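Enquirer: Here you go, one structure.
Each reported figure results from applying straightforward, stated rules to the coordinates on display, with no laboratory input. Note that the structure is a prediction, hence the values are computed from the model and not measured. Here Cβ is always computed from backbone atoms with ideal geometry, including for glycine, and neighbour counts include all displayed protein chains.
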């Protein structure tokens, strides 16, 4: 029987390349991330009174004058060269036999939470996976090896129960069993990541009493990035205020040695404490093009909009823990996307060098820039294209399966995709 890699290779040869080059963005102005906007982009939970999703519902034009103010460059600690070179700490040994699974699991989050098995070659959806208890609120699913999956489900006002199940070679899921409960709410699909073998679970939580507060209050909320060792039961925590560290996709290397969070990375050998003291920045808004702050008001001499802002999108640590992948995309006022193209870039943790990998048609598809298979040889790229008009956009999700080494790829069926989280 042919391996999945053989089947994928044959599919790539037959498939048209759905990603086309666009102009490369340029610019040098640095700006800090906006926590309220970043959280709205990540969770889809817009501030009260606003539309739920920036891609789905255009915002009404502001009655007040917009003053466009270019922000001043901000010096931030960069990811230190050598982070990707160190030996893993105790317990962080990557399993030797990681393979490319024939199936992945997807969670449609903005629908009534629903989780399915999907064929990784075609995108055809298979078995539905349900929690043992219908009233439990499913929020996330993650894997580090394509075989053992961890599911997060809210079970109370200030706790999350973690479940575990396996997927066999034919895409058949096992029964789901609870194995621990953690403090805090893992509130959405992009707030959890799992290492190979489900040894380490990285997750983000906010202080429970601030989960449902306004965007302004959430911006000053206390939060934690945690790392649970499922063998020893020990948990490390790095604390932050949401206004300082904008929330974002959580990712982890296969051996659990490096965690990505928002636009930063952290060596998990670091002691518990302040995230600011240990995390290192990979990229910032405005680093790859203009960063513009829009102020609503009637200040005399207010200027009109001068152009789009270039922001950093989803960030993912590759399974090898040596490379970070992230998106840069252009947005006009009020977080409206510019549909021409977005960029997929890489950051070498050992050297600190950033490289443009590809310009991709459309705009960034989700909080996670890409989804890797356990080996890191293949990835699924999410992109959203406008199939409508400039004034009435119709966002359409596209999924492209790509060979990382050759950038050959083909489209997957994505008719089922509604704000999908993919665990492969």
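Enquirer: Given a Förster distance of 35 angstrom, what is the FRET efficiency for residue 411 paired with residue 180, based on the Cβ-Cβ distance and rounded to 0.05?
Expert: Taking R0 as 35 Å, the efficiency between residue 411 and residue 180 is 0.35.
Enquirer: Give me 345, 280 ranked fewest to most by other Cβ atoms within 10 Å of their Cβ, as a rough exposure proxy.
Expert: If I rank by nearby Cβ atoms, fewest first, I get 280, 345.
Enquirer: Let me ask another. By count of other Cβ within 10 Å, fewest leading, how are 419, 348 ordered?
Expert: By the 10 Å Cβ count, ascending: 348, 419.
Enquirer: While we're looking at this one, here's another question. For a label point 7 Å from the Cα of residue 169 along Cα→C-beta, name the residues of region 105-129 whose backbone N is under 17 Å from it.
Expert: 120-121
Enquirer: Could you bin all the Cα-Cα distances of region 327-388 into 5 Å bins starting at 0 and give me the percent of pairs in each, rounded to whole numbers?
Expert: 4, 17, 22, 24, 17, 9, 5, 2, 0
Enquirer: Continuing with the same structure: Please grab the % of Cα pairs in region 128-187 that end up more than 12 Å from each other.
Expert: Tail of P(r) above 12 Å: 64 percent of Cα pairs.
Enquirer: Starting from the Cα of residue 99, move 7 Å in the Cα-to-Cβ direction to define the label point; list residues of region 371-395 whose amide nitrogen is under 17 Å from there.
Expert: 373-378
Enquirer: Just want the ordering: 372, 133, from fewest to most Cβ atoms lying within 10 Å of their own Cβ.
Expert: 133, 372
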